[in-house]
Amino acid sequence: MPAHLREGLRVTLRLYLCLGILHRMDHGKKNALKDRILLEGMIFHGNHGTLPAERELGQPFVVDVELYLDLQPAGLSDDLAQTVDYSEVHLRAKSIVEGPPVNLTEAVAERIALAILEDHPLVEAVRVKVAKPHVRLDDTVFAGSAVEILRDRGAS
């Protein structure tokens with residue numbers, strides 16, 4: 001499938017996921033899906049994977065996190081208590097990626113998403129992308145592989 005069609009499909013699927021979340025959310029929080037905090041390109045070293053070399057040597061994991069919440073109260077009050085301190089999100093993601101190994105990148109992403117929803121009640125939904133750069137399969141080296149999940153309070 002050509003790259004432009006794959007990207008269009010990805011955007012369409014993401015829209016459907018967001019629309020599904022929108023129907024389950026409290027409509028009194030009108031900005032919760034419009035407002036986001038983004039943490040992009042966090043690089044951690046982890047020992048996740050199904051191959052012995054992945055477990056022994058480890059590899060870099062690149063994590064992106066998107067938090068969906070109403071940022072207007074924090075914007076109007078200039079009060080950190082009205083938002084999410086993203087340094088806490090960074091530390092939580094780091095502890096999961098650098099923590100005990102799991103087999104699948106999906107499990108890493110799921111643990112990060114669930115921890116964020118548990119730790120931060122203001123977050124209505126979270127998108128987590130976990131990438132492994134420079135993946136080798138047989139004689140082919142990919143630029144990378146990644147998983148991306150979207151979780152909300154109704155699904156956690």
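The values are calculated or read from the model by the stated rules, or taken from the named source; none is laboratory data. Being a predicted model, the structure only gives us computed values, none of them experimental. Neighbour counts are summed over all protein chains in view; Cβ atoms, including those assigned to glycine, are modelled from backbone coordinates with ideal geometry.
Residues are listed down the side, and each one gets a yes or a no for (1) closer than 24 Å to R153 by Cβ; (2) in a loop (DSSP other than H, G, I, E, B):
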| site | (1), (2) |
| --- | --- |
| F44 | no, no |
| D70 | yes, yes |
| A74 | yes, no |
| P101 | no, yes |
| E106 | yes, no |
| A115 | yes, no |
| L122 | yes, yes |
| K132 | no, no |
- Task: Please identify the pairs in which a residue from region 74-95 that is of a type in the set (G, A, S) has its Cβ atom under 6 Å from the Cβ atom of a residue that is part of a helix (DSSP H, G or I) and surrounded by 11 or more Cβ atoms within 10 Å (Cβ to Cβ), counting only partners at least 6 apart or on another chain.
- Result: A74/Q82; A93/I112
- Message: Which pairs turn up if I take residues in region 38-65 that are without any contact (Cβ under 8 Å) to a residue 24 or more places away in the chain and look for partners that are of a type in the set (V, I, T) and assigned to a strand (DSSP E or B) with beta carbon separation below 9 Å, at least 6 apart in sequence or on another chain?
- Response: G41/V62; G41/V63; I43/V62; I43/V63
- Note on the structure: Of (1) modelled with pLDDT under 95; (2) in contact with a helix residue (DSSP H, G or I) (Cβ under 7 Å, 6 or more places away or on another chain); (3) closer than 21 Å to V135 by Cα, F61 satisfies every one except (1)
- Among (1) under 12 Å from L122 (Cβ atoms); (2) within 17 Å of the chain's Cα centre (by Cα), where does I43 come up short? (1)
- Close pairs (8 angstrom Cβ cut-off, 6 or more residues apart or separate chains): closer than 14 Å to P60 by Cα in region 98-117, of a type in the set (K, R) anywhere: P101/R55; T105/K132
